[in-house]
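Take a look at the structure below.
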Amino acid sequence: MDSAVHPASSMEAFRHPYYRNLFQYLLRSEAWPSDTLDGFHLLRQMLVDMTSCPRVVQCMEMVPVLLQLFFKVVAEFADGVLINRLVLVLLDRSSLLYRVPKFQTDVHRMMSSQLLGLCKLHPSVIVEQSKELLEFSGTVTNIQNKETFFIHVVWVIGEYLSVSYDKRCTVDQINKFFEVLEALLFEITQLRPSAGVPKCSPRLITVLMTTLTKLASRSQDLIPRVLLYLSKMRSCVQSSAMISVYGEEDSEAILIRAAELMNLLKMPNVAQFVLTPSAEVNNMRYHRDVSTSLPLAMRAVTQLLQKDLGFAPG
(Lines give C-alpha, C1' and ligand atoms only; values in the text may rest on other atoms or scores of the structure.)
Protein backbone atom coordinates (compact mmCIF):
# COMPACT_ATOMS: atom_id res chain seq x y z
CA MET A 1 0.00 0.00 0.00
CA ASP A 2 1.27 3.47 -0.92
CA SER A 3 2.41 5.29 2.23
CA ALA A 4 0.92 8.49 0.83
CA VAL A 5 -2.61 7.14 1.33
CA HIS A 6 -2.12 5.60 4.78
CA PRO A 7 -5.01 6.47 7.14
CA ALA A 8 -4.18 9.23 9.57
CA SER A 9 -5.73 7.49 12.57
CA SER A 10 -6.93 4.11 13.82
CA MET A 11 -10.56 5.12 13.25
CA GLU A 12 -9.85 5.93 9.60
CA ALA A 13 -8.00 2.64 9.26
CA PHE A 14 -10.99 0.77 10.70
CA ARG A 15 -13.18 2.16 7.90
CA HIS A 16 -10.55 1.65 5.19
CA PRO A 17 -11.21 -1.40 2.96
CA TYR A 18 -7.49 -2.25 2.81
CA TYR A 19 -7.40 -2.87 6.57
CA ARG A 20 -10.72 -4.70 6.84
CA ASN A 21 -9.21 -8.21 6.91
CA LEU A 22 -6.61 -7.11 9.42
CA PHE A 23 -9.23 -5.81 11.84
CA GLN A 24 -11.28 -8.97 11.35
CA TYR A 25 -8.19 -10.97 12.22
CA LEU A 26 -7.59 -8.87 15.33
CA LEU A 27 -11.23 -9.10 16.48
CA ARG A 28 -11.71 -12.82 15.73
CA SER A 29 -13.34 -14.94 18.44
CA GLU A 30 -11.34 -18.11 17.71
CA ALA A 31 -7.65 -18.90 17.44
CA TRP A 32 -6.13 -18.41 14.01
CA PRO A 33 -5.29 -21.85 12.55
CA SER A 34 -2.16 -20.75 10.68
CA ASP A 35 0.61 -18.15 10.73
CA THR A 36 -0.07 -14.53 11.56
CA LEU A 37 -1.84 -12.66 8.77
CA ASP A 38 0.46 -10.88 6.34
CA GLY A 39 0.51 -7.13 6.90
CA PHE A 40 -0.24 -7.34 10.61
CA HIS A 41 2.67 -4.98 11.30
CA LEU A 42 0.80 -2.28 9.36
CA LEU A 43 -2.17 -2.62 11.68
CA ARG A 44 0.06 -2.19 14.72
CA GLN A 45 1.34 1.06 13.24
CA MET A 46 -2.21 2.28 12.74
CA LEU A 47 -3.13 1.56 16.37
CA VAL A 48 -0.32 3.58 17.94
CA ASP A 49 -2.69 6.46 18.70
CA MET A 50 -4.70 4.19 21.02
CA THR A 51 -1.93 3.53 23.56
CA SER A 52 -3.36 5.97 26.12
CA CYS A 53 -7.00 4.98 25.64
CA PRO A 54 -8.35 3.88 29.10
CA ARG A 55 -9.88 0.69 27.72
CA VAL A 56 -6.66 -0.24 25.94
CA VAL A 57 -4.63 0.48 29.08
CA GLN A 58 -6.93 -1.76 31.11
CA CYS A 59 -6.64 -4.54 28.53
CA MET A 60 -2.84 -4.31 28.61
CA GLU A 61 -2.94 -4.80 32.37
CA MET A 62 -5.18 -7.85 32.08
CA VAL A 63 -3.45 -9.67 29.22
CA PRO A 64 -0.45 -11.05 31.22
CA VAL A 65 -2.80 -12.25 33.98
CA LEU A 66 -5.17 -13.98 31.56
CA LEU A 67 -2.33 -15.56 29.62
CA GLN A 68 -0.82 -16.94 32.81
CA LEU A 69 -4.20 -18.41 33.79
CA PHE A 70 -4.58 -19.89 30.30
CA PHE A 71 -1.23 -21.67 30.45
CA LYS A 72 -1.89 -22.87 33.99
CA VAL A 73 -5.07 -24.60 32.85
CA VAL A 74 -3.49 -25.93 29.65
CA ALA A 75 -0.59 -27.46 31.60
CA GLU A 76 -3.02 -29.76 33.38
CA PHE A 77 -3.95 -31.67 30.23
CA ALA A 78 -1.57 -30.63 27.41
CA ASP A 79 -0.04 -33.40 25.34
CA GLY A 80 3.00 -33.23 23.06
CA VAL A 81 0.99 -32.13 20.03
CA LEU A 82 -0.57 -29.18 21.85
CA ILE A 83 2.73 -28.16 23.47
CA ASN A 84 4.40 -28.12 20.06
CA ARG A 85 1.71 -25.77 18.75
CA LEU A 86 1.92 -23.50 21.79
CA VAL A 87 5.71 -23.17 21.57
CA LEU A 88 5.41 -22.15 17.92
CA VAL A 89 2.77 -19.58 18.89
CA LEU A 90 5.08 -18.15 21.56
CA LEU A 91 7.92 -17.79 19.06
CA ASP A 92 5.63 -16.11 16.53
CA ARG A 93 3.72 -13.79 18.87
CA SER A 94 6.82 -12.62 20.74
CA SER A 95 7.50 -10.26 17.81
CA LEU A 96 3.93 -9.03 17.37
CA LEU A 97 3.06 -7.43 20.70
CA TYR A 98 1.48 -4.00 20.91
CA ARG A 99 4.28 -1.44 20.98
CA VAL A 100 4.09 -0.25 24.56
CA PRO A 101 7.38 -0.98 26.38
CA LYS A 102 5.91 -1.92 29.78
CA PHE A 103 3.29 -4.15 28.17
CA GLN A 104 5.92 -5.88 26.05
CA THR A 105 8.17 -6.39 29.09
CA ASP A 106 5.36 -7.89 31.18
CA VAL A 107 4.16 -10.24 28.45
CA HIS A 108 7.66 -11.34 27.46
CA ARG A 109 8.40 -12.15 31.11
CA MET A 110 5.24 -14.22 31.31
CA MET A 111 5.97 -15.94 27.98
CA SER A 112 9.47 -16.79 29.18
CA SER A 113 8.24 -18.57 32.30
CA GLN A 114 5.59 -20.45 30.31
CA LEU A 115 8.15 -21.56 27.73
CA LEU A 116 10.19 -23.13 30.52
CA GLY A 117 7.10 -24.88 31.86
CA LEU A 118 6.07 -26.25 28.47
CA CYS A 119 9.56 -27.56 27.68
CA LYS A 120 9.78 -29.21 31.09
CA LEU A 121 6.46 -30.99 30.43
CA HIS A 122 7.55 -32.09 26.95
CA PRO A 123 11.35 -31.77 26.43
CA SER A 124 11.06 -33.43 23.01
CA VAL A 125 9.61 -30.17 21.66
CA ILE A 126 13.20 -28.97 21.12
CA VAL A 127 13.90 -31.82 18.70
CA GLU A 128 10.44 -31.74 17.13
CA GLN A 129 10.55 -27.99 16.48
CA SER A 130 14.28 -27.75 15.80
CA LYS A 131 13.82 -26.01 12.45
CA GLU A 132 11.76 -23.16 13.92
CA LEU A 133 14.00 -22.84 16.98
CA LEU A 134 17.09 -22.71 14.78
CA GLU A 135 15.58 -19.94 12.70
CA PHE A 136 14.47 -17.96 15.75
CA SER A 137 17.71 -18.27 17.71
CA GLY A 138 19.86 -17.49 14.68
CA THR A 139 18.16 -14.16 13.96
CA VAL A 140 20.04 -11.42 15.79
CA THR A 141 17.17 -8.94 15.47
CA ASN A 142 15.08 -11.21 17.69
CA ILE A 143 17.15 -9.95 20.60
CA GLN A 144 15.80 -6.42 20.24
CA ASN A 145 12.91 -5.54 22.57
CA LYS A 146 12.54 -9.15 23.78
CA GLU A 147 15.92 -10.15 25.13
CA THR A 148 14.41 -11.84 28.20
CA PHE A 149 12.36 -14.20 26.04
CA PHE A 150 15.32 -14.80 23.71
CA ILE A 151 17.52 -15.76 26.67
CA HIS A 152 14.99 -18.36 27.76
CA VAL A 153 14.83 -19.80 24.24
CA VAL A 154 18.61 -20.22 24.25
CA TRP A 155 18.48 -21.76 27.72
CA VAL A 156 15.89 -24.43 26.85
CA ILE A 157 17.93 -25.38 23.78
CA GLY A 158 20.98 -25.98 25.95
CA GLU A 159 18.98 -27.77 28.61
CA TYR A 160 16.84 -30.14 26.54
CA LEU A 161 18.67 -30.73 23.25
CA SER A 162 20.06 -34.02 24.47
CA VAL A 163 19.63 -37.73 23.87
CA SER A 164 18.85 -37.93 27.59
CA TYR A 165 15.51 -36.28 26.86
CA ASP A 166 14.84 -37.54 23.35
CA LYS A 167 16.47 -40.56 21.73
CA ARG A 168 15.88 -38.94 18.33
CA CYS A 169 18.36 -36.18 19.12
CA THR A 170 21.35 -36.56 16.81
CA VAL A 171 24.89 -35.24 16.79
CA ASP A 172 24.03 -33.46 13.54
CA GLN A 173 21.21 -31.55 15.26
CA ILE A 174 23.49 -30.59 18.12
CA ASN A 175 26.14 -29.40 15.67
CA LYS A 176 23.61 -27.29 13.73
CA PHE A 177 22.45 -25.50 16.86
CA PHE A 178 26.05 -25.04 17.92
CA GLU A 179 26.97 -23.42 14.59
CA VAL A 180 24.05 -21.00 14.78
CA LEU A 181 24.59 -19.99 18.41
CA GLU A 182 28.35 -19.72 18.01
CA ALA A 183 27.90 -17.32 15.08
CA LEU A 184 25.36 -15.33 17.08
CA LEU A 185 27.64 -15.03 20.10
CA PHE A 186 30.53 -13.95 17.90
CA GLU A 187 28.36 -11.31 16.24
CA ILE A 188 26.97 -9.75 19.42
CA THR A 189 30.34 -9.64 21.18
CA GLN A 190 32.06 -7.72 18.40
CA LEU A 191 32.70 -4.20 19.62
CA ARG A 192 32.45 -2.61 16.18
CA PRO A 193 29.34 -0.39 16.01
CA SER A 194 26.59 -1.85 13.84
CA ALA A 195 22.99 -0.74 13.43
CA GLY A 196 21.90 -4.34 12.88
CA VAL A 197 23.51 -5.74 16.02
CA PRO A 198 21.87 -4.63 19.28
CA LYS A 199 23.87 -4.21 22.48
CA CYS A 200 22.98 -7.21 24.61
CA SER A 201 23.17 -7.85 28.33
CA PRO A 202 25.97 -9.80 30.04
CA ARG A 203 23.30 -12.34 31.00
CA LEU A 204 22.68 -13.23 27.35
CA ILE A 205 26.42 -13.61 26.74
CA THR A 206 26.85 -15.95 29.72
CA VAL A 207 23.77 -18.01 28.80
CA LEU A 208 25.06 -18.39 25.23
CA MET A 209 28.50 -19.44 26.48
CA THR A 210 26.92 -21.98 28.84
CA THR A 211 24.64 -23.36 26.13
CA LEU A 212 27.56 -23.80 23.74
CA THR A 213 29.47 -25.61 26.49
CA LYS A 214 26.51 -27.91 27.14
CA LEU A 215 26.22 -28.75 23.45
CA ALA A 216 29.96 -29.37 23.19
CA SER A 217 29.82 -31.78 26.14
CA ARG A 218 27.31 -33.85 24.11
CA SER A 219 29.26 -33.64 20.86
CA GLN A 220 32.83 -33.69 22.10
CA ASP A 221 34.44 -32.89 18.75
CA LEU A 222 33.21 -29.35 19.42
CA ILE A 223 35.12 -28.98 22.69
CA PRO A 224 38.35 -27.53 21.14
CA ARG A 225 36.28 -24.84 19.39
CA VAL A 226 34.55 -23.83 22.62
CA LEU A 227 37.81 -23.79 24.55
CA LEU A 228 39.40 -21.58 21.89
CA TYR A 229 36.45 -19.20 21.89
CA LEU A 230 36.27 -19.01 25.70
CA SER A 231 39.99 -18.32 25.81
CA LYS A 232 39.56 -15.44 23.37
CA MET A 233 36.56 -14.22 25.34
CA ARG A 234 38.61 -14.10 28.54
CA SER A 235 41.16 -11.89 26.78
CA CYS A 236 38.48 -9.76 25.15
CA VAL A 237 36.50 -9.17 28.32
CA GLN A 238 39.57 -7.77 30.08
CA SER A 239 40.18 -5.20 27.35
CA SER A 240 39.47 -1.54 27.99
CA ALA A 241 36.99 -1.50 25.08
CA MET A 242 34.90 -4.30 26.63
CA ILE A 243 35.02 -2.76 30.09
CA SER A 244 33.89 0.58 28.66
CA VAL A 245 30.82 -1.10 27.15
CA TYR A 246 29.81 -3.41 30.02
CA GLY A 247 31.53 -1.95 33.07
CA GLU A 248 33.94 -3.68 35.44
CA GLU A 249 31.34 -5.68 37.40
CA ASP A 250 29.58 -7.17 34.38
CA SER A 251 32.87 -7.82 32.58
CA GLU A 252 34.10 -9.67 35.66
CA ALA A 253 30.92 -11.82 35.66
CA ILE A 254 31.53 -12.82 32.04
CA LEU A 255 35.19 -13.55 32.81
CA ILE A 256 34.31 -15.78 35.75
CA ARG A 257 31.74 -17.74 33.76
CA ALA A 258 34.20 -18.26 30.89
CA ALA A 259 36.85 -19.55 33.31
CA GLU A 260 34.35 -21.93 34.98
CA LEU A 261 33.25 -23.38 31.66
CA MET A 262 36.82 -23.81 30.44
CA ASN A 263 37.71 -25.70 33.61
CA LEU A 264 34.76 -28.04 33.13
CA LEU A 265 35.59 -28.77 29.50
CA LYS A 266 39.14 -29.72 30.41
CA MET A 267 37.56 -32.91 31.83
CA PRO A 268 34.92 -33.85 29.22
CA ASN A 269 33.40 -36.75 31.15
CA VAL A 270 32.92 -34.60 34.23
CA ALA A 271 31.54 -31.80 32.05
CA GLN A 272 28.95 -34.13 30.57
CA PHE A 273 27.96 -35.35 34.02
CA VAL A 274 27.63 -31.85 35.46
CA LEU A 275 26.06 -30.10 32.44
CA THR A 276 23.74 -32.96 31.42
CA PRO A 277 22.84 -34.67 34.70
CA SER A 278 20.45 -37.60 34.88
CA ALA A 279 16.90 -37.14 36.11
CA GLU A 280 17.96 -38.54 39.50
CA VAL A 281 19.93 -35.36 40.18
CA ASN A 282 16.62 -33.58 40.72
CA ASN A 283 16.36 -35.62 43.91
CA MET A 284 17.47 -33.38 46.79
CA ARG A 285 19.58 -36.23 48.15
CA TYR A 286 22.09 -35.57 45.39
CA HIS A 287 22.67 -32.09 46.76
CA ARG A 288 22.62 -32.86 50.50
CA ASP A 289 24.32 -36.22 50.91
CA VAL A 290 28.13 -35.78 50.74
CA SER A 291 28.52 -39.41 49.61
CA THR A 292 26.45 -39.11 46.44
CA SER A 293 27.86 -38.71 42.96
CA LEU A 294 27.35 -35.02 42.20
CA PRO A 295 29.10 -33.53 45.27
CA LEU A 296 31.93 -36.04 44.88
CA ALA A 297 32.39 -35.08 41.25
CA MET A 298 32.39 -31.36 42.02
CA ARG A 299 34.93 -31.81 44.84
CA ALA A 300 37.13 -33.90 42.57
CA VAL A 301 37.06 -31.21 39.89
CA THR A 302 37.92 -28.52 42.42
CA GLN A 303 40.81 -30.50 43.85
CA LEU A 304 42.25 -31.32 40.43
CA LEU A 305 42.07 -27.74 39.26
CA GLN A 306 43.59 -26.42 42.46
CA LYS A 307 46.40 -28.93 42.10
CA ASP A 308 47.03 -27.81 38.52
CA LEU A 309 47.05 -24.18 39.59
CA GLY A 310 49.53 -24.99 42.35
CA PHE A 311 52.05 -26.26 39.83
CA ALA A 312 51.42 -23.49 37.31
CA PRO A 313 54.59 -21.57 36.42
CA GLY A 314 54.87 -18.05 37.75
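The values are calculated or read from the model by the stated rules, or taken from the named source; none is laboratory data. Everything numeric in this text was worked out from a predicted model, so none of it was measured. Neighbour counts run over all protein chains shown; Cβ positions are idealised from the backbone, glycine included. Accessible surface areas use protein heavy atoms only, side chains included; no ligands, DNA or RNA. Shrake-Rupley method; radii C 1.70, N 1.55, O 1.52, S 1.80 Å.
Please give every one of the lysines within straight-line cross-link reach of Lys199, meaning a C-alpha to C-alpha distance under 18 Å, and leave out same-chain neighbours fewer than 8 residues apart.
Answer for Lys199, where 18 Å is the Cα cut-off: Lys146, listed by chain and number.
Check the straight Cα-Cα distances from Lys120 and name the lysines below 19 Å, setting aside those fewer than 8 residues away within the same chain.
Leaving aside lysines fewer than 8 places away in the same chain, those within reach of Lys120 are Lys72, Lys167, Lys214.
With Cβ to Cβ distances under 11 Å as the rule, what net charge do the other residues near Pro268 carry (K, R +1; D, E -1)?
+1
Using a 1.4 Å probe, what is the accessible area per residue for the range 63-163, in Å²?
That works out to 46 Å² per residue.
Can you tally the net charge around Glu249? Count Lys and Arg as +1, Asp and Glu as -1, for every other residue whose Cβ sits under 14 Å from the Cβ of Glu249.
-1
Each residue of the range 14-27 in order: what ³J(HN,Hα) in whole Hz does its phi give by Karplus 6.51 cos²θ - 1.76 cosθ + 1.60, θ = phi - 60°, with x for Gly and Pro?
Each residue's phi maps through the Karplus curve to give 4, 8, 7, x, 5, 9, 4, 5, 5, 5, 5, 5, 5, 9 Hz.
How would you order 74-86, 216-228 from highest to lowest mean count of nearby Cβ atoms within 10 Å?
216-228, 74-86
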